[in-house]
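Okay, structure first, notes after.
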Amino acid sequence: MADGACEHIRDITTVKHAKSRQCDECVKVGARWVHLRICQECGATRCCDDSPNRHATAHAHASKHPVIASAERGERWLYCYPDEAFAEY
Ligand SMILES: [Zn+2]
Ligand SMILES: [Zn+2]
Ligand SMILES: [Zn+2]
């Protein structure tokens with residue numbers, strides 16, 4: 001992993017990808033999202049901080065799952081919430 005990676009990011013050997021291209025929480029409430037992120041702990045797909053409901057961040061705080069990956073095509077990066085660490089892979 002690249003420089004800037006924290007322990008949580010270094011622990012990831014295989015990056016999880018989105019099972020479905022939707023935010024499951026937004027679908028439940030009929031909301032829209034901008035970009036998608038994937039929780040690297042449980043594989044949940046949630047929306048980014050540019051989305052009105054910021055479900056990826058809400059999920060990270062509620063579940064204490066630290067690392068997300070971008071689900072956007074052409075983006076290969078990981079972000080760790082507790083360490084505010086960002087790394088490309
Ligand atoms: Zn970390
Ligand atoms: Zn959402
Ligand atoms: Zn999770």
In whole percent, the Cα-Cα distances of the chain spread across 5 Å bins from 0 upward as 3, 17, 28, 27, 16, 7, 2, 0
In the chain, with Lys and Arg counted as +1 and Asp and Glu as -1 at Cβ, which of these residues, Pro52, Val29, Pro82, has the Cα nearest the positive end of the dipole, that is, farthest along it?
-> Val29
Average accessible surface area per residue within the chain, 1.4 Å rolling probe, Å² | 61 Å²
Based on the Cβ-Cβ distance of Gln22 and Glu88, what FRET efficiency does E = 1/(1 + (r/R0)^6) give at R0 = 25 Å, to the nearest 0.05?
-> 0.50
Per residue, how much space in cubic angstrom lies within the convex hull of the C-alpha atoms of region 40-89?
-> 77 Å³
Springs between alpha-carbon atoms under 10 Å, Gaussian network over the chain: tell me which of Val34, Val67, Val15 tops the mean-square fluctuations.
-> Val34
Quote the charge dipole size of the chain about the Cα centre in Debye, to the nearest 20; the model charges only the Cβ of Lys and Arg (+1) and of Asp and Glu (-1).
-> 480 debye
With 0.36 nm assigned to each residue of separation and the Cα-Cα distance removed, Asp50 to Val15 gains 10.4 nm
How high is the FRET efficiency between Ala31 and Arg73 when r is their beta carbon distance and R₀ equals 35 Å, given to the nearest 0.05?
-> 0.95
Reach of Lys28 by Cα under 17 Å, taken over lysines that are not fewer than 8 positions away in the same chain = Lys19
Using only the C-alpha atoms of region 13-64, find the volume of their convex hull and express it per residue in Å³.
-> 76 Å³
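Give me the percent of accessible area attributable to carbon and sulfur for the chain, probe 1.4 angstrom.
45 percent
The values are calculated or read from the model by the stated rules, or taken from the named source; none is laboratory data. Just so we're clear, the structure is a prediction, and the values are computed from it rather than from any experiment. Because the Cβ atoms are built from the backbone with ideal geometry, glycine has one as well, and the counts that use them run over all protein chains shown. Side chains included, ligands, DNA and RNA excluded: accessible areas come from the protein's heavy atoms. Shrake-Rupley method; radii C 1.70, N 1.55, O 1.52, S 1.80 Å.
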